[in-house]
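Novice: This is the structure, below, for whatever I ask next.
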Amino acid sequence: MNKVILITGISSGIGLETAKILAGAGYTVYGGARRQENMPGLENLGVRCMYMDVTDDDSLNAAVNYVISNEGRIDVLINNAGFGIYGTVEDVPLSEAKHQLEVNLYGPARLIQLVLPYMRRQNSGMIINISSVAGRMSIPLGTWYHASKHALEALSDSLRNEVGQFGIKVVIIEPGIIDTAWWPLTEKNLEKISANTAYGKLVQHGIKYLKNPGNASKPDVVANTILKAIRYETPKARYAVGQSAKLIIGLKETLSDKVFDKLLKKRMDME
């Protein structure tokens, strides 16, 4: 049976590339985003595009109902939509921190709640949550982004052991440094929030790092990993993706906090 896939955040980056690759592989792909300027091109590739705002419950309900009314099932949910607020804990307004969690955590959680009844009825399904190496380690200035990804990892781990009894798989994708618009947008956000505060010197180091985070992989590396997970009968619980991902996670898991912090400060030119 041709699988029906619902993916969020298809207007750019990883989501855009994933929608293209999955549609090209012959799947029935429904994709949503708030910014719709790239959607006409996707529709020409066979992606069923729609407006989606993961912070708006009515929008999420409408999207799921639309897919179900057309296809009668959802086989794969890919929670990809997300963004990053950078700034110090002291500087970031809690209203913005809450919005970070609304987009990166509560939006995916609500979509999971909406699709699970259909997946349970099918006795099959897959939920793919796009996390990050940021969900396994943390750097200064990225507090709320890291918090949202750490929480998404925890949610996914709990969920995996709740829904496995219904034939539903849960997969976490952990991209490392990926060449997308995330970096310049996050840099701009950091400068706006914390550049003119007591943390100005640290922020300059952070901006320098965001301008040159290291060797970046292309988004299609992540998209092809997602395709691989969908095709596997028994996918792994986690896939670290990109040149830097496994190295960063490996260092965090093997080094003491003291040594890892020292390496991190050296990488960000903070010493």
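Novice: Roll a 1.4 angstrom probe over the protein heavy atoms and tell me the percent of accessible area of the chain that is carbon or sulfur.
Specialist: Details: 6400 of 12750 Å².
Using a 1.4 Å probe with all protein chains present, the chain comes out at 50 percent carbon and sulfur.
Novice: Follow-up. How large is the dipole of the chain about the Cα centre if only Lys and Arg carry +1 and Asp and Glu carry -1, each at its Cβ, rounded to the nearest 20 debye?
Specialist: Numbers: 31 positive and 27 negative charges, 141 e Å.
Around 680 debye, computed over the chain.
Novice: Residues of region 98-127 with backbone nitrogen within less than 18 Å of a virtual label 7 Å along the Cα-to-Cβ line of Arg160, please, listed as ranges.
Specialist: Counting only backbone N, you get 109, 112, 125-127.
Novice: If a paramagnetic tag sat 7 Å from the Cα of Lys201 along the Cα-Cβ line, which residues of region 245-271 would have the backbone N under 12 Å from that point?
Specialist: Within reach of a label on Lys201: 270-271.
Novice: Can you give me the accessible area per residue for region 67-201, using a 1.4 Å probe, in Å²?
Specialist: Counting only protein heavy atoms, the per-residue value for region 67-201 is 41 Å².
Novice: Size of the dipole of region 120-209 about the Cα centre, Lys and Arg at +1 and Asp and Glu at -1 on the beta carbon, nothing else charged, in debye to 20?
Specialist: 120
Novice: For Tyr239, what charge total do you get from the other residues with a beta carbon under 11 Å from its beta carbon, if Lys and Arg give +1 and Asp and Glu give -1?
Specialist: Neighbour charge sum, excluding Tyr239 itself: +3.
Novice: Continuing with the same structure: Of Leu114, Leu227, Val203, whose Cα points farthest to the positive end of the dipole of the chain (charges on the beta-carbon: +1 Lys, Arg; -1 Asp, Glu; origin at the Cα centre)?
Specialist: Leu227
Novice: List, in the order given, every pair from Lys192/Lys258; Lys188/Lys218; Lys236/Lys265; Lys149/Lys218 whose Cα-Cα distance in the structure shown is over 26 Å.
Specialist: From Lys192/Lys258; Lys188/Lys218; Lys236/Lys265; Lys149/Lys218, over 26 Å: Lys192/Lys258; Lys236/Lys265.
Novice: Going toward the positive end of the dipole of region 80-198, with +1 on Lys and Arg Cβ and -1 on Asp and Glu Cβ, which of Ala181, Asn129, His146 do you reach last?
Specialist: Positive-end residue among those listed: Asn129.
Novice: Where is the GNM fluctuation largest for the chain (alpha-carbon springs, 10 angstrom cutoff): Ala25, Ala223, Ala237?
Specialist: Ala25
Novice: For the chain, rounded, prolate or oblate, judged on the Cα gyration tensor with a ≥ b ≥ c (square roots of eigenvalues), a/c < 1.5 rounded, else prolate if a/b > b/c?
Specialist: Because a/c hits 1.5 or more and a/b exceeds b/c, the chain counts as prolate.
Novice: Taking the highest mean first, how do the peptides 14-22, 27-35, 165-173, 187-195 order by number of other beta carbon atoms within 10 angstrom per residue?
Specialist: Final packing ranking: 14-22, 27-35, 165-173, 187-195.
The values are calculated or read from the model by the stated rules, or taken from the named source; none is laboratory data. Keep in mind it's a predicted model, so treat the numbers as computed, not measured. Note that each Cβ is placed from the backbone with ideal geometry, even for glycine, and that neighbours are counted across all protein chains shown. To get the accessible areas, we keep the full protein, side chains included, count just its heavy atoms, and leave off ligands, DNA and RNA. Shrake-Rupley method; radii C 1.70, N 1.55, O 1.52, S 1.80 Å.
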